[in-house]
Amino acid sequence: MQLHQSGEDYLETIYILDKKTKYVRSIDIATELGYSKPSISRAMKILAKNNYIEVKDDGQIVLTEVGLEKAKNIYERHLLITEFLTNLLHVSEETAESDACKIEHVISNETYLKLKEFIDNYNNSNNK
């Protein structure tokens, strides 16, 4: 299933929160994103229905294998784009973060891989 930007944002947020706390609940996602609990609840039902997450009996939200893979991919794109914008284009961190959140959802895999290759080559040539 193709996820919309909001679904990708939820997965990325769950991934980041899990890295920080190891225990993620709907309220944590709502707090992090500034959304209402009913909105989060609806989104979690959709993500669970499509096998991206599992909601435990105690309310803990856990990424499935498919969800974890997707979340990692989104997060890696976010980090790479942020690095490109801040380190190579000297965009402010705040703007780079905001722009990366938007770009990570629409960039093609081909462009992402070329950008990654470019940054790797740039970093390797500047670390010699």
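Each value in this text was obtained by applying a stated rule to the coordinates, not by laboratory testing. Only a predicted model underlies this, so the values are computations on that prediction, with no experimental measurement involved. Every residue, glycine among them, receives a Cβ derived from its backbone with ideal geometry; neighbour counts consider all protein chains shown.
Taking each of K20/K114; K37/K116; K37/K72; K56/K116; K45/K102 in turn, the alpha-carbon distance tops 32 angstrom for K37/K116; K56/K116. Its alpha carbons considered, the chain gives a radius of gyration followed by a Dmax of 16.1, 53 Å. The string of couplings for region 39-49 from the Karplus curve (6.51, -1.76, 1.60, θ = phi - 60°) is 5, 5, 4, 4, 5, 5, 5, 5, 5, 5, 4 Hz, one whole number per residue in order, with x for Gly and Pro.
When the helices of the chain are scored as -39500 (n - 2.57) per DSSP H run of n ≥ 4 and the total is divided over every residue, the value at 222 nm lands at -22500 deg cm²/dmol. Site pair I46 and D120 shows an inter-label distance of 3.4 nm when each label is modelled 7 Å from Cα along Cα→Cβ.
Gain on full extension, evaluated as 0.36 nm per residue between E32 and V62 minus their Cα-Cα distance, stands at 9.2 nm.
Distance from the C-alpha centroid of region 86-128 to that of region 29-84: 23 Å, rounded to the whole angstrom. The Cβ shell under 12 Å around E12 holds other residues with a net charge of -2, Lys and Arg each +1, Asp and Glu each -1.
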